[in-house]
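All of the numbers you see were taken from the coordinates with simple rules; none came from a lab. None of the values given here were measured: they were computed from a predicted structure. Don't worry about glycine lacking a Cβ; one is built from the backbone with ideal geometry, like all the others, and counts go over all protein chains shown.
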Amino acid sequence: MALIHICNFLEIRRWKSNTDTWETEYAFQNGNSENPISHDSKSWSYLSFIYQGAVRNRTGDNLEAAIVLSSNAISMGHAQKVVEEKLQVVVQTALMNSTFNSVQKIINTEQWVGTSMSYDVEAVEITLASRIDAVGMVIPNQYLKRSSVGALPTTGNIQAR
């Protein structure tokens, strides 16, 4: 029987409009509780969490995922901040070496936004969803700037195809 060593990397990011970049606020991993893992030029601290990957929601119009944390003041604070401030959550699933100290291969990367949270005495659950509303075809407001998209057209006739 072969063992497969898998770890999730959870990056919580905020958009900085003055620099047109994402800034990492928190970087957590759930594979090595003894030492931080260096990956992608960041140091990822340990946080005990379970990532429940993408599933279609009950109405079938969007995908959802969830992060389950133990119920304590620290987890509650992180969860509340992610949901209230609509921070971006990037989850990378990685194949690790047997000692969980280095990444062999990134299997999957997903980008989400925290939409709601629930909690009880045992767990805090953050519900994650796509930023795009599939039913209303609503995309979050973005502004076209020369610094982020290059040269802009001289007319106001822009079409998305």
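In whole Hz and in residue order, list the ³J(HN,Hα) couplings for the range 76-86 that follow from phi through the Karplus curve 6.51 cos²θ - 1.76 cosθ + 1.60, θ = phi - 60°; x for Gly and Pro.
4, x, 4, 4, 5, 5, 4, 6, 5, 9, 6
Using 0.36 nm per residue of separation minus the Cα-Cα distance, give me the extension gain between Lys81 and Ser43 in nm, one decimal.
This chain segment gains 11.6 nm when fully extended.
HN-Hα J couplings of the range 88-95 from phi, Karplus 6.51/-1.76/1.60, θ = phi - 60°, integer Hz, Gly and Pro as x?
Going residue by residue, I get 7, 10, 10, 10, 10, 9, 10, 8 Hz, with x marking Gly and Pro.
Run the Debye formula on the Cα coordinates of the range 1-50, all scatterers equal and no solvent, and tell me log10 I(q)/I(0) at q = 0.15, 0.27, 0.30 1/Å.
Log-scaled intensity ratios, in q order: -0.48, -1.00, -1.12.
Show the residues, 5+ positions off or on another chain, whose built amide H is closer than 5 Å to the amide H of Tyr46.
Distant-sequence amide H within range of Tyr46: Gln29.
When you count, for each residue, the other Cβ atoms within 10 Å and take the mean per peptide, how do 100-109, 6-15 rank with the highest first?
Final packing ranking: 6-15, 100-109.
Please list, in order along the range 101-108, the HN-Hα scalar couplings obtained from phi with the Karplus expression 6.51 cos²θ - 1.76 cosθ + 1.60 (θ = phi - 60°), rounded to whole Hz, x for Gly and Pro.
10, 8, 7, 8, 7, 7, 8, 7
Could you give me the percent of Cα pairs per 10 Å distance bin for the range 22-112, shortest bin first, beginning at zero and ending with the bin that holds the maximum distance?
14, 45, 33, 8, 0
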